[in-house]
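Everything below concerns the one structure shown next.
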């Protein structure tokens, strides 16, 4: 682990800290973080929606390299995904981490917001209840992305 931390740059520091906290809570005997499989499934479905939309809406002249860049998993996906999993597992303070991630990478945040709105609309169409914690996360992502897009300081959100 020390070798991994030594080779990281300042941009990766929040991701490394989140991974360390995530792993520590998942393996701790005193404070166990239970990963809700439903939340993990939602993240996978949202990424699949983004991937599918990228394929469907990409131009006919798109190159393989451009396609790869749009659909690969980024550090924002990892950081935001871990923050989302911790938030939806009961760690309310991780909402700010999710907001910081959205504020720092507006493009990815908008992709996840659009996929989340599709998920919400599907629930509405099927007459299913949309859990409030997911709506809280969805609204927070939108607000933080808007804040970052208008030039706001993302440091107002804590990792």
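Condition check ((1) in a helix (DSSP H, G or I); (2) under 14 Å from the mean Cα position of the chain (by Cα); (3) farther than 26 Å from residue 17 by Cα; (4) in contact (Cβ under 8 Å) with a residue 40 or more places away in the chain) across all residues:
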| position | (1), (2), (3), (4) |
| --- | --- |
| 100 | yes, yes, no, yes |
| 121 | yes, no, yes, no |
| 130 | no, no, yes, no |
| 151 | no, no, no, no |
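Check off (1) under 18 Å from the mean Cα position of the chain (by Cα); (2) at pLDDT 55 or above; (3) in a helix (DSSP H, G or I); (4) closer than 21 Å to residue 113 by Cβ for residue 22 and give me the number that stays unchecked. Of the numbered conditions (1) under 18 Å from the mean Cα position of the chain (by Cα); (2) at pLDDT 55 or above; (3) in a helix (DSSP H, G or I); (4) closer than 21 Å to residue 113 by Cβ, the odd one out for residue 22 is (4). Determine whether residue 132 is closer than 20 Å to residue 45 by Cβ, touching a helix residue (DSSP H, G or I) at 6+ places or on another chain (Cβ under 8 Å), surrounded by fewer than 21 Cβ atoms within 10 Å (Cβ to Cβ) and at pLDDT below 95. Taking the combined requirement at face value, the residue does not satisfy it. Residue 66 falls short of the stated requirement of being more than 21 Å from residue 148 (Cβ to Cβ), assigned to a loop (DSSP other than H, G, I, E, B) and either more than 17 Å from the chain's Cα centre (by Cα) or modelled with pLDDT of 75 or more (or both).
The values are calculated or read from the model by the stated rules, or taken from the named source; none is laboratory data. All values reported here derive from a predicted model rather than from experimental measurement. Cβ coordinates were reconstructed from backbone atoms using ideal geometry, including for glycine residues, and neighbour counts include every protein chain displayed.
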